[in-house]
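A.B. asks: Can you read through this structure? Questions will come right after.
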Amino acid sequence: MMAKTLLKFALLFLLILLTTFAAVAQQFGGNPPSVKWKQVNTPAAKVIFSQGLDSIAMRVAATIEHINQPIKPTIGLKQKQISIVLQDKTTITNAYVGLAPFRSEFYLTPDQNSFELGSLPWAEQLAIHEYRHVQQYNNFNVGLSKAMSIIFGQGGQAVANSLSVPDWFFEGDAVYNETLVSRQGRGRLPYFYNGYRALWAADKNYSWMKLRNGSLKDYIPDWYPMGYMLVAYGREKYGSEVWRNITHDAASFNGLFYPMQGAIKKYTGKSFKDFRADGLNFFKQQYQYKPATRPSSPSVVNQEFPAYVNDSTLVYVTTTYNKLPQFTLSKNGIETKISIRSRSLDNYFNYRNGKVVYAAYRPDARWTYLDYSELRVLDINTGKEKQITHATKYFGPAFNADATQIVAVKTVAGQSWLHILDAATGNLLNEIPNPSKLLYTYPKFYDDDHLISAIRTPKGEMTIGLVQIKTGSVKYLLPLSYNPIAFLTLNNDEVYFSATSGKNDRLYKLNPSSGKLSELKADVSDLNQYQPAIAGNKISWVEFTGYGFKVRSDVTDVSKWREVAHQAKSLSDFEVTSLENNSATDATAGTSVQTLPITKYSKAHGLFNFHSLIPDFSDPNYQLALVSENVLNTFQSQLSFNYNRDEGYKQFGFDATYGALFPFVRGGVNFTLDRRSLFNGERIYFNEKDIYLGLHVPLNLSNGRHLTSLNFGSDVYYTSNTIQDPFRSRFRDRNYTYLSHSVTFSNRIQQARQHIYPRFGQSITLSYRHAIDGLQATQFLANGTLYLPGILRNHNLVINAAHQEKGKQSQVDFSNNFPFSRGYDAENLQQLNKIGVNYHFPLFYPDAGVAQTVYFLRVRANLFFDYTHANDTFSNGSLFRADFRTAGAELYFDTKWFNQHPLTFGVRYSYLMDRDYFGGLGKNRIELILPVAFF
């Protein structure tokens, strides 16, 4: 038994060295120091929040306590309290729970699209979904996963859990929970099933590995709907305890290889292959299908938010896997590019009189939890674009009839206001009162005195409201329900929109004056319909297909519409009857909020929070680090051991960075054994001690279509060198102090899914180190890369140039970071100059895997030529000059391991055209290219 256990540990450790643990969306030092933090404490969660979020924090804490009561950790396990930080200054709609360290963050801006995530109060919905992940982690710290957490800390449990319990279960179970304990949840939303419904309609029977790992050429839904369908089917068929038993065995590694599949076989009596087929078929059979029309180009092309320019011309946003998002003009089916779209959080825009208005995303230059949604106006005739608002948080903008004004939703921390702006300047003309705390989505001008908008109430119910501009009073035009409504557009005083009806999302039109509601007739086999556009007797809308979102058009007349009652159909459970057997239904609306004590949360709390022992192999450095990070993510530190392959040295160190100030403050102590230097062609070995303290300024200057960053800083080092035997009789020990300065600038355009590198970009790094206490020692390094388009769209020409020089009279050597010609052993010489030319291109997209272990997304190649010229002067005055030229090729494999962990590795062949003065013999060198990071 002991030998078997040791074998499991050894094999699992090898798995760790072959897998990459996906990083969650943590932002270091993201909030300015002016933020004052408070906290609400319950046994299950510590909710940390800033001024003004008291009521939201109370609601989050109450919701978690409500749903946590009936669900406790597995017997014998301790429930760990989670720290949840509420972030209200970002426009991004997201949240996460991380294990390393154990904490969570909620980004409080809700999505405008109610079909995608639902209309429930956003903070409470996050509490339901994300706290389910907390319960999962509490229950999965068992067996071999627990052993891994003992050895490697929280990061060890994270890796073990990710290897044993697949991501489809983590998210599918959380979606099931949000559907179980609320009146909505994604399991009841037809939009959630669009991807699989489209694949089934297109008769695309992809392999399980392709569905699990995705594709760079074909559309594949993510693991959320897949996970929900399998989890829901398992609960429906085998009872409420089946997944508790399965995941306990899987996380324990009861069966080292494929523990989840083995546990499913044990508790359902079916092989995993049969179980997943039955689970997907359970949902597939709920729809009828008609033969789908195969597009002329079978590649994935999304066409979204069509708007009529005239009867024969549409404008919409086009996104593909090999092009940047762009505004497209389609005249009689012939497409013309207007302009590349600036970086945005969604593809929504509004068109009027030759102009497009949309919201573009821009991060704050310094604080990573602060970003903006700014309005831009594009002239479709000239392609010129103008930014009209700055440092704003606007969503869903729309023009009035003559395009002189814009209405937009301002959203902060889940609250919204309607703003009317000058279309030319972006100046605020009017803020509409919102005493009922409604959440507005996709507003439009109805007439001079009214706006019309889809509305979410504080309970999460939806309707369409006619809003009086002067007073803010709202007239509800439809009964309140949990059925999502979105994508409003107007034509002849009628409002067209999409709304959920049972298992489908359909198109409707409403006459606000008469109250008449009509539905566009559709066959039961038709796909869901979104984003209507009207012009005369023509209507266009968008359907999601197996090749992406596609614009559909038809004529519209009385015969195409049928009048329907205002009574909305209830949301469908999609025949998952287990959702009805729940005592905690409606956790968002039915939870009483008790007043809990609010106390100050100290920024100094838990600064040292060592949570994981992490290996990081970034050639030529191989490191093992004990890492620490506080809950607010303002202080990071680590104790580390590092081996450098270039010089062969071993380094022990402590490093820390405090990011709550501007600039960052960083410092540390490092002790290095077996550093080496070159003297008259002879290697001299010594030990080195470094103490450093410095400042670092990271700036994100991204705006519009460009992603731009500037980082600079300075550090002061005190270094003590101790010469090793047998060189001590010839050289003396040395202590010195030096300054290290660095500047890094990067600018690039956006990348499409298939792009290996940006089609245009630049990066440059400058570093300068010099002694300041009497010794002569300088070293300057300049390293730059230029990214250019290649012959074909997914090809890249990448040119790298570098120069490094140290003073002729330098009495000490600084560490060497010069990108030497590939294939050669490198030395830190007096002057080095290099130019490298790379041509990267994809070879093919296999979309195939082996034994549910490794899946190949893409195989790509790089042809390269490196030329390094070196100059050096030995202490006896003799000169050394040499060229180091290399020509070769690299073959890269973009893969996923164990059906979820991305990893790129490769092999390099180098032909050495010159002598390798510092290495072995032979012209031909073959090297493995390992991943840059693990965990």
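A.B. asks: What is the helix-to-structure angle for 259-268, meaning the angle in degrees between its Cα long axis and the longest Cα principal axis of the chain, kept from 0 to 90 and rounded to the nearest 10?
C.D. replies: Its long axis makes an angle of about 30 degrees.
A.B. asks: Can you list, largest first and rounded to whole Å, the semi-axes you get for the chain by taking the square root of 5 times each eigenvalue of its Cα gyration tensor?
C.D. replies: Equivalent ellipsoid of the chain: 51, 33, 29 Å, largest first.
A.B. asks: Of the listed pairs 80/284; 266/896; 237/503; 80/459; 355/569, which have alpha-carbon separations greater than 32 Å here?
C.D. replies: Distance filter (> 32 Å) returns 80/284; 355/569.
A.B. asks: Between residue 854 and residues 5 or more places away or on another chain, which pairs have amide H atoms under 5 Å apart, with H built 1.01 Å from N, and which residues are they?
C.D. replies: 898
A.B. asks: Angle between the Cα long axis of helix 223-238 and the longest principal axis of the chain, 0 to 90 degrees, nearest 10?
C.D. replies: Roughly 60 degrees between the two axes.
A.B. asks: Given the pairs 444/475; 806/834; 337/550; 323/509, which are separated by over 25 angstrom at their Cα positions?
C.D. replies: Long pairs (Cα-Cα over 25 Å): 323/509.
A.B. asks: Tell me the volume per residue, in Å³, of the convex hull enclosing the alpha carbons of segment 57-207.
C.D. replies: Expressed per residue, the convex hull around the Cα atoms of segment 57-207 is 137 Å³.
A.B. asks: Same structure again: By a straight-distance test (C-alpha under 16 Å), which aspartates and glutamates pair with residue 89 as possible cross-link partners, with residues fewer than eight away in the same chain excluded?
C.D. replies: By straight Cα distance, residue 89 reaches 54, 105, 111, 364, 371, 374.
A.B. asks: How many angstrom separate the Cα center of segment 797-835 from the Cα center of segment 124-169?
C.D. replies: Cα centroid to Cα centroid, the span is 44 Å.
A.B. asks: Compute the angle between helix 242-251 and the longest alpha-carbon principal axis of the chain, please, reported from 0 to 90 degrees and rounded to the nearest 10.
C.D. replies: 10 degrees
A.B. asks: Specify whether the C-alpha gyration tensor of segment 840-935 places it in the rounded, prolate or oblate class, a ≥ b ≥ c being the square roots of the eigenvalues: rounded for a/c under 1.5, otherwise prolate if a/b is larger than b/c and oblate if not.
C.D. replies: It is prolate, given that a/c is not under 1.5 and a/b is the larger ratio.
A.B. asks: With a point put 7 Å past each Cα toward its Cβ, work out how far residue 475 is from residue 331 in nm, to one decimal.
C.D. replies: 4.2 nm
A.B. asks: Follow-up question, since we're still on this one. Provide the descending list of Cα extents for segment 202-316 along its principal axes, expressed in whole angstroms.
C.D. replies: 63, 29, 22
A.B. asks: Could you state the number of Å between the C-alpha centres of segment 27-46 and segment 736-757?
C.D. replies: So the two Cα centres are separated by 31 Å.
A.B. asks: Through the Karplus equation 6.51 cos²θ - 1.76 cosθ + 1.60, θ set to phi - 60°, convert the phi angles of segment 311-321 into ³J(HN,Hα) values in whole Hz; use x for Gly and Pro.
C.D. replies: Couplings: 4, 10, 10, 10, 10, 7, 8, 10, 10, 9, 7 Hz.
A.B. asks: If you don't mind, there's one more thing I want to ask. Summing +1 for each Lys or Arg and -1 for each Asp or Glu, what net charge is found among the other residues whose Cβ lies under 14 Å from the Cβ of residue 853?
C.D. replies: +2
A.B. asks: Less than 18 Å apart at the alpha-carbon level, and either on another chain or at least 8 residues along: which aspartates and glutamates does that give for residue 689?
C.D. replies: Counting by Cα, and skipping residues close in sequence, residue 689 has these aspartates and glutamates nearby: 647, 655, 674, 715, 725, 733, 773, 813.
A.B. asks: About the Cα centre of the chain, how large is the charge dipole given +1 on each Lys and Arg Cβ and -1 on each Asp and Glu Cβ? Please answer in debye to the nearest 20.
C.D. replies: 700 debye
A.B. asks: Let me ask something else about it. Sort out for me the Cα centre separation of segment 362-381 from segment 849-899, rounded to whole Å.
C.D. replies: 38 Å
A.B. asks: Here is a follow-up. For segment 321-366, report the translational diffusion coefficient in µm²/s to the nearest whole number, using Stokes-Einstein at 20 °C, 1.002 mPa s, and a Kirkwood Rh over Cα pairs.
C.D. replies: Once the numbers are plugged in, D ends up at 172 µm²/s.
A.B. asks: Ok, one more. Between residue 880 and residue 753, what is the FRET efficiency for a Förster distance of 51 Å, r being their Cβ-Cβ separation, to the nearest 0.05?
C.D. replies: 0.60
A.B. asks: What is the distance, in nm, between label points placed 7 Å from the Cα along the Cα-to-Cβ direction at residue 650 and at residue 311?
C.D. replies: Computed distance between label sites residue 650 and residue 311 equals 8.4 nm.
A.B. asks: Ignoring everything except DSSP H segments at least 4 long, calculate the 222 nm mean residue ellipticity for the chain; use -39,500 (n - 2.57) per segment, divide by total residues, nearest 500.
C.D. replies: That calculation yields -5000 deg cm²/dmol at 222 nm.
A.B. asks: Okay, moving on. Need the full-extension length gain, residue 815 to residue 674, defined as separation in residues times 0.36 nm minus the C-alpha distance. One decimal, nm.
C.D. replies: Length gained, residue 815 through residue 674: 49.5 nm.
A.B. asks: Can I ask one more? So what are segment 301-563's ellipsoid semi-axes, whole angstrom, largest first, if each one is the square root of 5 times an eigenvalue of the alpha-carbon gyration tensor?
C.D. replies: Those come to 26, 25, 18 Å.
A.B. asks: What does the extension gain come out to for residue 366 and residue 151, with contour length at 0.36 nm per residue minus their alpha carbon separation?
C.D. replies: Full-extension gain reported as 73.7 nm.
A.B. asks: Find the Rg to Rh ratio for segment 611-929, where Rh is the Kirkwood radius over alpha-carbon pairs and Rg uses the same atoms.
C.D. replies: That ratio equals 0.97.
A.B. asks: Residue 641 to residue 299: extension gain in nm, 0.36 nm per residue of separation minus the Cα-Cα distance?
C.D. replies: That pair, residue 641 and residue 299, stretches by 118.3 nm at full extension.
Since every read-out is calculated from the coordinates, none of them should be taken as a lab result. Since the model is a prediction, treat every value here as computed from it, not as a measurement. Neighbour counts are summed over all protein chains in view; Cβ atoms, including those assigned to glycine, are modelled from backbone coordinates with ideal geometry.
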